[in-house]
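Have a look at the structure below before the remarks.
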Amino acid sequence: MAIDYLHPDLPLGLARTRMPVRAATHAALEGYGTLVDDPAQCHIEIVRWRAQGWRPVDDDTGDQGGTTEGVFVSEWKGDVLFGRNDAVGGSYILAYATDPERASIEHERAPDRMLLWHANYHPDGGQIFFPLEPGPFFVPLALPGDDVKPENFVCFRFDGRQGLYIHPDVWHDGVFGLSGSRRFFDKQGAIHARVSVDFAREFGCLLEALIE
């Protein structure tokens, strides 16, 4: 069943699992990805199509889908963080600043926390987010594995001078600005396979990170 990312209809009274917030450095991002100084020089990994049985996919096939690129927009409207990925034509609610049932878009107060309800990974390729305006931003990440749990996630804080490249299979869910609207250059595998985890329904919680 497809997820309605703009109308997630989350259960009431969800618990919160706190994510540690860490500064994004080359060492801290090991296994997740790398910091990017120049998006034009960033190589996007493309994963060869997986074989169906014991016969392998031919070496010169299965990784020719290429990449797609565009602008990823992250915008706080009141208590709701909206995302739009023009590279793949996707629109989402990424996070909330308070319990979803109490969230309002009718004010302009800056959020002091983000509550994440969903994450995903791309098995077909890597992805880059590079800021198009100055200023810090956050990206929640977890290492590969389908048995991922809320406590596996770390929220990385970027100072805005560099971008992030995410390896294939690494859990994430967009880019989170501190307030207002932020734009990021996005480039990723064109197949855009997506594997998801719904924290609200699978674990009865939201992932929380304090932002400042």
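The values are calculated or read from the model by the stated rules, or taken from the named source; none is laboratory data. Since this is a predicted model, take the numbers as computed values, not measurements. When we count neighbours, we look across all protein chains shown, and the Cβ atoms used for this are built from the backbone with ideal geometry, even at glycine.
Evaluated against (1) basic (Lys, Arg); (2) loosely packed, with under 14 Cβ neighbours inside 10 Å; (3) touching a residue at least 40 places away in the same chain (Cβ under 8 Å), ARG157 falls short on exactly one condition, (2). Applying the condition of being in contact with a Phe, Trp or Tyr (Cβ under 8 Å, 6 or more places away or on another chain) and not in a strand (DSSP E or B) to the range 45-73 and asking which residue is surrounded by the fewest Cβ atoms within 10 Å (Cβ to Cβ) yields THR61.
Among the conditions (1) outside any loop (DSSP other than H, G, I, E, B); (2) more than 23 Å from ARG194 (Cα to Cα); (3) of a type outside the set (A, V, I, L, M), ARG84 misses just one, which is (2).
Each residue in the range 86-115 was checked for being over 21 Å from GLU69 (Cα atoms), surrounded by fewer than 23 Cβ atoms within 10 Å (Cβ to Cβ) and not small (Gly, Ala, Ser), and 13 of them qualify.
Identify, from the list ASP124, ASP169, the residue that is surrounded by fewer than 20 Cβ atoms within 10 Å (Cβ to Cβ), more than 17 Å from ARG84 (Cα to Cα), out of contact with any helix residue (DSSP H, G or I) (no Cβ under 8 Å at 6 or more places or on another chain) and not β-branched (Val, Ile, Thr).
Selected residue: ASP169, the only one of ASP124, ASP169 that is surrounded by fewer than 20 Cβ atoms within 10 Å (Cβ to Cβ), more than 17 Å from ARG84 (Cα to Cα), out of contact with any helix residue (DSSP H, G or I) (no Cβ under 8 Å at 6 or more places or on another chain) and not β-branched (Val, Ile, Thr).
Close Cβ contacts (under 7 Å, 6 or more residues apart or on different chains) running from residues in the range 132-143 that are closer than 14 Å to ASP186 by Cβ to residues that are outside any strand (DSSP E or B) comprise PHE137/GLY160; PHE137/VAL175; VAL139/VAL175.
Conditions tested, residue by residue: (1) farther than 30 Å from GLY62 by Cα; (2) exposed (fewer than 15 other Cβ atoms within 10 Å of the Cβ); (3) of a type outside the set (Ser, Thr, Tyr).
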{"site": "TRP117", "(1), (2), (3)": "yes, no, yes"}
{"site": "PRO134", "(1), (2), (3)": "yes, yes, yes"}
{"site": "LEU164", "(1), (2), (3)": "no, no, yes"}
{"site": "LEU206", "(1), (2), (3)": "yes, no, yes"}
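In the range 16-33, what count of residues is obtained for those that are out of contact with any Asp or Glu (no Cβ under 6 Å at 6 or more places or on another chain) and either surrounded by 14 or more Cβ atoms within 10 Å (Cβ to Cβ) or under 16 Å from ASN152 (Cα atoms) (or both)? Counting residues in the range 16-33 that are out of contact with any Asp or Glu (no Cβ under 6 Å at 6 or more places or on another chain) and either surrounded by 14 or more Cβ atoms within 10 Å (Cβ to Cβ) or under 16 Å from ASN152 (Cα atoms) (or both) gives 12. With respect to the conditions (1) under 13 Å from the mean Cα position of the chain (by Cα); (2) over 14 Å from PHE185 (Cβ atoms), LYS77 lacks only one, and its number is (1). Which ones in the range 12-44 are part of a loop (DSSP other than H, G, I, E, B), among the small types (Gly, Ala, Ser) and modelled with pLDDT of 95 or more? Once the filter is applied, which keeps residues that are part of a loop (DSSP other than H, G, I, E, B), among the small types (Gly, Ala, Ser) and modelled with pLDDT of 95 or more, the range 12-44 yields ALA24, ALA27, ALA28, GLY31. In this entry, ILE191 passes the filter for residues that are at negative phi, modelled with pLDDT under 95 and in contact with a strand residue (DSSP E or B) (Cβ under 9 Å, 6 or more places away or on another chain). When the range 7-52 is filtered for residues that are of a type in the set (Ser, Thr, Tyr) and touching a helix residue (DSSP H, G or I) at 6+ places or on another chain (Cβ under 8 Å), only THR17 remains.
Considering only the range 172-200, state which residues are within 21 Å of CYS42 (Cα to Cα), surrounded by fewer than 20 Cβ atoms within 10 Å (Cβ to Cβ) and either free of Cβ contacts under 8 Å to residues at least 60 places away in the same chain or out of contact with any His (no Cβ under 9 Å at 6 or more places or on another chain) (or both). If the condition is that a residue be within 21 Å of CYS42 (Cα to Cα), surrounded by fewer than 20 Cβ atoms within 10 Å (Cβ to Cβ) and either free of Cβ contacts under 8 Å to residues at least 60 places away in the same chain or out of contact with any His (no Cβ under 9 Å at 6 or more places or on another chain) (or both), then ARG183, PHE185, ALA190 are the ones that fit.
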